[in-house]
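Since the structure comes first, as structure tokens, the remarks are kept for the end.
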Amino acid sequence: MKIGIISTSDIIIPLAYTLAAQKLQVYIFFADGGSTSCLQNTTMFAKQMQIALDTENNKQTLYSWIRETNCDAYFIMGYGRLIDVSRLTPQVHSCLFNIHFSLLPGYKGPIPLFWQLKHGVEKLGISIHRLSDKYDEGPVVWQKEYPNQDFFAYETASRYLSNMSAEGVFFLLNMMASGIPVIALSPSTTILPSYYSRPQGKDVLIDWDRMTAKEICDLIRACNPWNKGAITLFKGQELKLMDGFIVENKTSETTAGTIVSDENTMQIYCRDGKLLQVNMVYYNECFIPTYQCKRWSFTVGQMVGL
């Protein structure tokens, strides 16, 4: 079978690799608007795997590429544009699917994984749905949930879900190859519809007076690596916490945001009485392991968030 993958992100690489490893003919369309590094990574991967890769230009548009490749199925992942379904033939429309990293109708929007990690959900999700004239609104044809692991950061979770989405892709391909109609799932009665836009500055900022230690850890994971961590302040300058976890509290109660340990690492007191141990920060354009925290004046008694 010929499979087309449409994206503006190198997040497609795990899925594309799995499909190509099964000897399927894979064609990639990398749309304009993706980052240079993503395009470079995807180009190198496609060359190594001998996968046909086309990029958008003045002559090559998504719609012309679809006509030329004439694949048996197309899967969209990390594509930030609304596809005009009126420009597609009924045959193409019926074999074109979007892979969305949430359990729809929950967490609709362009970056659903960030919000799921920030909110500390127990389960992450993948939904594959048909396209409609609205974002994330088409009928869902495959869906599955996966445990939210403690070691997941935004990028590691993205790669994991991209790889796991192959299960749904193969499920649909097998149905299509067998001539079995792909039928929409019954609408969920337990998942509330929700939409989240792209995160703004306030969404990645640590509020020491309101957030618990777990909420801060969840935010750090949601911001790593794309934002180089969750943002706070130190002596009026931006400080990003890149890694953190909760440790046993062996100190007396103090003000949230106070550094209570600077020996080989940095520990910060949180509003719920727990300690956040930070192992890596981004400060003054430098990546700093916290065993060097004293050299940067991150010492006991100093406050972050000010």
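Points worth noting:
- Some residue of the stretch 29-44 being of a type outside the set (A, V, I, L, M), more than 20 Å from R159 (Cβ to Cβ), touching a strand residue (DSSP E or B) at 6+ places or on another chain (Cβ under 7 Å) and in the same structural domain as T89 (by TED's automatic domain parsing): yes
- Considering residues of the stretch 180-218 that are of a type in the set (G, A, S), in contact (Cβ under 8 Å) with a residue 12 or more places away in the chain and surrounded by fewer than 15 Cβ atoms within 10 Å (Cβ to Cβ) only, the residue nearest to Q267 (Cα to Cα): G201
Results for (1) within 16 Å of the chain's Cα centre (by Cα); (2) closer than 25 Å to P105 by Cα, shown as yes or no for each residue.
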| residue | (1), (2) |
| --- | --- |
| V140 | no, yes |
| Q149 | yes, yes |
| S186 | no, yes |
| Y195 | yes, yes |
| Q200 | yes, yes |
| I206 | no, no |
| R210 | no, no |
| K235 | no, no |
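- For the stretch 226-250, filtered to residues that are part of a loop (DSSP other than H, G, I, E, B) and out of contact with any Phe, Trp or Tyr (no Cβ under 7 Å at 6 or more places or on another chain), the residue that is surrounded by the most Cβ atoms within 10 Å (Cβ to Cβ) is N227.
- Once the stretch 1-23 is narrowed to residues that are buried (at least 18 other Cβ atoms within 10 Å of the Cβ) and part of a loop (DSSP other than H, G, I, E, B), the residue that is nearest to the chain's Cα centre (by Cα) is S9.
- Selection status of K134, assigned to a strand (DSSP E or B) and surrounded by fewer than 21 Cβ atoms within 10 Å (Cβ to Cβ): no
- Taking each residue of the stretch 117-143 that is assigned by TED's automatic domain parsing to the domain that holds M77 and looking for partners that are outside any strand (DSSP E or B) and of a type in the set (K, R) with beta-carbon atoms closer than 6 Å, six or more apart or interchain, yields L117/R221.
- In the stretch 152-169, residue farthest from I111 (Cα to Cα) [restricted to those that are free of Cβ contacts under 8 Å to residues at least 40 places away in the same chain and over 13 Å from the mean Cα position of the chain (by Cα)]: E167
- You will find that of G236, G273, G244, G257, the residue that is closer than 30 Å to R159 by Cβ and in the same structural domain as D209 (by TED's automatic domain parsing) is G244 and no other.
- Residue within the stretch 87-109 that is under 15 Å from the mean Cα position of the chain (by Cα) and among the aromatic types (F, W, Y) present: yes
- Condition check for I183: assigned to a loop (DSSP other than H, G, I, E, B), within 30 Å of C71 (Cα to Cα) and not assigned by TED's automatic domain parsing to the domain that holds G257: yes
The values are calculated or read from the model by the stated rules, or taken from the named source; none is laboratory data. This structure is a prediction, so every number in the text was calculated from the model and none was measured. Note that each Cβ is placed from the backbone with ideal geometry, even for glycine, and that neighbours are counted across all protein chains shown.
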